[in-house]
Amino acid sequence: MCDTCGCSDETNVRITDHAHTVVLEQDILAKNDELASHNRAHLSASDVFAINLMSSPGAGKTTLLERTIRATDTPCAVIEGDQETLLDAERIKATGAPVVQINTGAGCHLDASMLHRALHSLSPVPGSTLFIENVGNLVCPALFDLGEAARVVILSVTEGPGKPLKYPHMFAATDLVLLNKVDLLPYVDFDVSEFERDFRRVNPSAAMLQVSATRGDGLTEWYDWLRQPVRS
């Protein structure tokens, strides 16, 4: 069991001494991956483009979703993942988009089973975009395939530039990074070129956009990205 988050879905133990390093891994994600494949097939057959949105808490996922839903002509639905409260779901509900809230309690991520149950409740319409706002966390959500068609990581400039090297699994697994709150760049110690260099070290092919969900910078490019064909 993970001492940090209580997650028992993966064992990954690294033992280090002065002579050598031994990595012991046990893949016990097979059941999740099987259900994720089912979710993906169901979403594809329903012509629903599902995007797994991941970030640290406070990076701006919900604000970005509010603005995106109001700006796009494509039908949108949202699955909200948080440990507690309906706060974000209420914000999404105010946009008029259908939303289902998943509260994970002590859990630090969504999994394929949670998405499967939420899909039965939400039933997104054919031709829609389904946004899955994962629990705020740069570690565990990267490990769990939900059945999404694409992954998007949102990082705020207020978090500092070193995150791709500190959390490489998250940034290696993404199709797009949205560098958010760029309107605050004059006021924070954040080197965009340093961030992009480190990001490219772990993921040389994913797209990257600089945006401000509050001021509107870069959102046209974000909307254009959403209109592109399904990526997986």
Restricting attention to the range 149-173, the residues that are open to solvent by 10 Å² or more (accessible area, probe 1.4 Å) and closer than 30 Å to residue 46 by Cβ number exactly 5
When every residue in the range 105-124 that is free of Cβ contacts under 8 Å to residues at least 40 places away in the same chain and small (Gly, Ala, Ser) is compared, the one surrounded by the most Cβ atoms within 10 Å (Cβ to Cβ) is 118
Of (1) exposed (fewer than 14 other Cβ atoms within 10 Å of the Cβ); (2) modelled with pLDDT of 95 or more; (3) among the hydroxyl-bearing types (Ser, Thr, Tyr), residue 232 satisfies every one except (2)
Expected single match for open to solvent by less than 70 Å² (accessible area, probe 1.4 Å), closer than 26 Å to residue 181 by Cα and not acidic (Asp, Glu) among 93, 61 is 61
Q.
Scan the range 181-194 and tell me whether some residue there is out of contact with any Leu (no Cβ under 7 Å at 6 or more places or on another chain), free of Cβ contacts under 8 Å to residues at least 40 places away in the same chain, open to solvent by less than 10 Å² (accessible area, probe 1.4 Å) and part of a helix (DSSP H, G or I).
A. no
Those residues of the range 140-176 which are basic (Lys, Arg) and more than 17 Å from residue 65 (Cα to Cα) amount to 163, 166
Checked the range 143-164 for anything farther than 21 Å from residue 181 by Cα and not in a helix (DSSP H, G or I); matches are 144, 145, 146, 147, 148, 149, 150
When restricted to 23, 100, 48, 78, the only residue open to solvent by 50 Å² or more (accessible area, probe 1.4 Å), of a type in the set (Val, Ile, Thr) and either within 19 Å of residue 120 (Cα to Cα) or at pLDDT below 95 (or both) is 23
Residues of the range 128-148 being among the polar types (S, T, N, Q), more than 11 Å from the chain's Cα centre (by Cα) and open to solvent by less than 10 Å² (accessible area, probe 1.4 Å), in sequence order, are 128
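The values are calculated or read from the model by the stated rules, or taken from the named source; none is laboratory data. This is a predicted model, so every value here is computed, not measured. Methodologically, a virtual Cβ is constructed for each residue, glycine included, from the backbone with ideal geometry; neighbour enumeration extends over all protein chains shown. For accessibility, only protein heavy atoms count, side chains too; no ligands or nucleic acids. Shrake-Rupley method; radii C 1.70, N 1.55, O 1.52, S 1.80 Å.
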